[in-house]
Structure formats: structure tokens, C-alpha cells
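Here the structure comes first, spelled out in C-alpha cells, and everything after it is commentary.
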Amino acid sequence: MTKTLYRDPKNGKLGGVCAGIAEYFGVEAWVVRILTVSAFLLGIGFFVTLAYIAACLFLDKMPEERQIQQHAYKEHTVKQKPWQSGQSPSQLLDNIENEFDQMEGKLRDMEAYVTSSAFNVEKAFKQL
């Protein structure tokens, strides 16, 4: 799966550029924000502002499906204890159980397709 850089206005403060960069590189958004503000204060403010505005204009918004996946991942992150993120352990387990139920449904659909005659026909055509 290829990664694509998007703006993340839902988790962003201004335009979602820093949040999008953080999601792309897999770091916390506050780290990217600190680096951006530090670069601004260390004398390259013009270039930082110009790059931020350009990124705001040219980067696409993060698709809704990816935002849902990102939110689901953050709901049960193991970087912190569940009660520190404001969730009780039972809520955390419920979220994980719901995700496993969704995955099980997708696996059942995939299994039904692979065992169907349509799959065998498509497989035979691809071999020709």
C-alpha cells in the first residue's frame, strides 16, 4: 500500500498541514508543530510560511475513509494507558471487538468469493 501525503483538517489547527505530515511520517502532530514553529522562529519564517501556504493549497484533504481508519487506530493505541486517553478499559475492549467483528465480516465475504464459481471462472480466464 502506497502512502500519500494529505492535509488533515479534522486533526489540524490551521489548515491541517502539520497533522497530515505527522500522519504520513507516523509521528505525533505536536512534534511536527514544534519543528515548524521552531523553524519559523529560527529565521526561516518566510520560507516556512510560504511552504505552509503552498501545502495548504496543493495538498488534497484526507479522504473520509482514511480518517475513519486513522480514528479507529488511535482509539486503541498502546502508546498510553487507556485511562490516560480518557477511555475505560471496557470501552477500549469494545472498540477492539468491533474492529475484529468488521474484519471477520470482510474475511467471510472474501472466503465466500474465493470458494465461489465466479472466482474459478476469473482464475481460468486469467490463465489464458
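What follows draws every value from the coordinates through simple rules; no lab data is involved. None of the values given here were measured: they were computed from a predicted structure. Glycine also receives a Cβ, built like all others from the backbone with ideal geometry; neighbour counts cover every protein chain displayed.
So the values come out like this:
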| read-out | value |
| --- | --- |
| Note, ³J(HN,Hα) from phi for segment 88-98, Karplus 6.51, -1.76, 1.60, rounded to Hz, x at Gly and Pro | 7, x, 5, 5, 4, 5, 5, 4, 5, 4, 4 |
| Among 45-57, 4-16, 110-122, the order from most to least packed when residues are scored by Cβ within 10 Å on average | 4-16, 45-57, 110-122 |
| Label point distance in nm, residue 123-residue 108, each placed 7 Å from Cα along Cα→Cβ | 2.3 nm |
